[in-house]
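Read the structure below first, then the notes.
The values are calculated or read from the model by the stated rules, or taken from the named source; none is laboratory data. Computed from a predicted structure; not experimentally measured. Every residue, glycine among them, receives a Cβ derived from its backbone with ideal geometry; neighbour counts consider all protein chains shown. Just so you know, the surface numbers come from the protein's heavy atoms only, side chains and all, with ligands and any DNA or RNA stripped out. Shrake-Rupley method; radii C 1.70, N 1.55, O 1.52, S 1.80 Å.
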Amino acid sequence: TNKFTDLLKKKEKIGSGGFGSVFRCLHILEEKDYAVKRIGLKNNTKKLDWYLGEVRAISSMEHKNVVRYHQSWTDLSCDGFSSDESDHSDSSDESEGSDLYLFIQMEFCPRTLKSRLKTNPTNSQQALLYLHDLLEGLAYIHKSGYLHRDLAKKNIFFGKDKNIKIGDFGLAKKMDDNMSCSHSPHSTTYGKGLHRAPELLENQPFSRKSDLYALGIVFLEMLLSPMKYDDHDTIRNILKIKEGKFPHWLENKFETAILKSLLAKSPNDRPTADELIHLISSKLCKLKEGNENANG
Ligand code: ATP
Ligand code: MG
Ligand code: MG
């Protein structure tokens, strides 16, 4: 038996991918839900090293806007959980037939930003609030010496405490002394698609400013969410805005100024997370005062 998995009762699968699966589990003593990521290693030590990078990144962080890590362990069996149901349903992922499994136990987060925006669009004030909190999480990650490198709606979560949180440290990388990071063997997978900062297309190293660019795209996706565009139109609009062509309803707004600074072509023209936090806090204060005055 395994002292970790004996206490965690597997409830349902909540995510899967090439790496393996993520399960919602109940800790039987705490009566609390956790998310447990199970990664099949097939006794591949290179792969273990890669995923230990994720464990070391997330385990070194503790912040209200970062998905909380609890513990990790390895096991020879994929079915180490104390579950009644047999686990034949998830034979589709790569972890099937592995000899060694890595488990990462994290805070369970009920929603992602991606799923939330589908049903509840954010107005501009909410979008600013979320951006503010995400910047606090990102500033903390950067101060901890890491680059996230995979900021996108699907990797941003809402905790049980309702806080917005940065998760999925699968591509996170410890920074070297010059505050950037050279290309890793997995470099082709980071900064995916729309979120990829322009300098990465010119083979410049990924820097903190590349994370800020990706967060700029996430902010833009929040601002576009009330427009009820379909996926295709959303992408078209994002591509236009990346080229600097803003729709008229976004002109001359505070949010647009923030957006333009985050999406600046040159990394040096983008603000740091701390600079933006400052700017947004004072704006949010003013908005709050305005709301209070309007309410008498
Ligand atoms: P993807 O390519 O979908 O992002 P991934 O390999 O990067 O997958 P994760 O993002 O860490 O892996 O997890 C995959 C999915 O599992 C997430 O999209 C999410 O639905 C779910 N998940 C991961 N961590 C948690 C968590 N802490 N709480 C709730 N669900 C989670
Ligand atoms: Mg992910
Ligand atoms: Mg990932």
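List of remarks:
- Only one of the numbered conditions (1) loosely packed, with under 14 Cβ neighbours inside 10 Å; (2) at pLDDT 95 or above is not met by residue 288, and that is (2).
- The selection criterion, being at pLDDT below 90 and either away from ligand 1 (no atom under 14 Å from the Cβ) or in contact with a strand residue (DSSP E or B) (Cβ under 8 Å, 6 or more places away or on another chain) (or both), does not hold for residue 59.
- Residue under evaluation residue 92, criteria (1) away from ligand 3 (no atom under 16 Å from the Cβ); (2) at pLDDT 95 or above; (3) hydroxyl-bearing (Ser, Thr, Tyr), criterion not met: (2)
- As a summary of the residue check, residue 191 satisfies the conditions (1) at pLDDT below 90; (2) within 16 Å of ligand 1 (Cβ to nearest atom); (3) surrounded by fewer than 20 Cβ atoms within 10 Å (Cβ to Cβ) except for the one numbered (3).
- Check on residue 209, open to solvent by 20 Å² or more (accessible area, probe 1.4 Å), outside any helix (DSSP H, G or I) and closer than 30 Å to residue 176 by Cβ: no
- So residue 203, is it loosely packed, with under 14 Cβ neighbours inside 10 Å and under 27 Å from residue 168 (Cβ atoms): yes
- Of all residues making up segment 256-296, the number that are within 27 Å of residue 196 (Cα to Cα), in a helix (DSSP H, G or I) and free of Cβ contacts under 8 Å to residues at least 60 places away in the same chain: 11
- All positions within segment 109-145 that are assigned to a strand (DSSP E or B) and within 14 Å of ligand 3 (Cβ to nearest atom): 112
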